Amino acid sequence: QKEVEQNSGPLSVPEGAIASLNCTYSDRGSQSFFWYRQYSGKSPELIMFIYSNGDKEDGRFTAQLNKASQYVSLLIRDSQPSDSATYLCAVNSLGRSSGSARQLTFGSGTQLTVLP
Amino acid sequence: EPEVTQTPSHQVTQMGQEVILRCVPISNHLYFYWYRQILGQKVEFLVSFYNNEISEKSEIFDDQFSVERPDGSNFTLKIRSTKLEDSAMYFCASSEALIGGGRRRETQYFGPGTRLLVL
């Protein structure tokens, strides 16, 4: 059973602070890792993907991947009230048969609140 | 920027009725997916579709469910006889490529969802 675990929160940070979101996954064969943002009642919106160990930066967002520890994180610098949402970690796993489309396994999400 | 679209945005149905949820994937994408999210729970994979056939399906995707690409643009999810526990948000997603196309091309983009309520 492939599992993706996240702290459900809620996580509250003051405006301008760094928010740190963490995710662990169970399937060592996982190859691609995604962070989605989901506002209440809305669909997941892609923030970043990462597939190599290390850091990947995109504007105020930095994703970090450590495959040995099976750990992915997302840092949000200079947090804004508009960043308040649930952040979903998703892991792309190979299908059961060779070449089949990869399914995303999602964590339960971390609810982030940025306080003005 | 191209988007995945879904209709209807909301659907209310009686238990035992058939529903069809519709999706228009991004035009140059080749891989299509359905996910669902029961209120307060995780997003769960249902099925993936490629080259006019199901590629993978989860345990949730039982004989009550079917998918179809009836024409060059639409991708549908049919629930044959709805149950109360089918009430959820249903998300369609699409991706451009699978492997060999680079990681950006395997990224799945989600539609706005259809909220299904079974009474």
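Considering B:Ile79, B:Ile54, the condition of being at pLDDT below 95 and of a type in the set (Val, Ile, Thr) is satisfied by B:Ile54 alone.
All conditions but one from (1) closer than 22 Å to B:Val118 by Cα; (2) surrounded by fewer than 16 Cβ atoms within 10 Å (Cβ to Cβ) apply to B:Gly72; the one that does not is (1).
Comparison of B:Val43, B:Val24, B:Val12, B:Val67 shows that the only residue that is closer than 13 Å to B:Val118 by Cβ and not acidic (Asp, Glu) is B:Val12. Exactly one residue out of A:Pro81, A:Pro10 is in contact with a Pro (Cβ under 6 Å, 6 or more places away or on another chain) and exposed (fewer than 13 other Cβ atoms within 10 Å of the Cβ): that is A:Pro81. Taken together, B:Arg115, B:Arg105 contain a single residue that is at pLDDT below 95, within 14 Å of chain A (Cβ to nearest Cβ) and either within 21 Å of A:Pro44 (Cα to Cα) or part of a loop (DSSP other than H, G, I, E, B) (or both), which is B:Arg105. Taking the criterion of being surrounded by fewer than 24 Cβ atoms within 10 Å (Cβ to Cβ) and facing chain A (nearest Cβ under 8 Å), the residues of the stretch B:29-44 that qualify are B:Tyr31, B:Gln41, B:Lys42, B:Glu44. In the stretch A:26-47, the residues that are at the interface with chain B (Cβ under 7 Å from one of its Cβ atoms) and at positive phi never reach a residue that is at pLDDT below 95 and surrounded by fewer than 19 Cβ atoms within 10 Å (Cβ to Cβ) with C-beta atoms less than 6 angstrom apart, at least six apart or across chains. Taken over the stretch B:15-28, the residue count meeting the criterion of being buried (at least 19 other Cβ atoms within 10 Å of the Cβ) and not in a strand (DSSP E or B) is 1.
Residues that are of a type in the set (Ser, Thr, Tyr) and outside any strand (DSSP E or B) within the stretch A:39-92 comprise A:Tyr39, A:Ser40, A:Ser43, A:Tyr51, A:Ser52, A:Ser69, A:Ser79, A:Ser82, A:Ser84, listed in sequence order. Which of the residues belonging to the stretch A:6-25 are part of a strand (DSSP E or B) and within 11 Å of chain B (Cβ to nearest Cβ)? Across the stretch A:6-25, the qualifying residue is only A:Gln6.
The values are calculated or read from the model by the stated rules, or taken from the named source; none is laboratory data. Keep in mind it's a predicted model, so treat the numbers as computed, not measured. All Cβ positions, glycine included, derive from the backbone under ideal geometry; neighbour counts span all protein chains shown.
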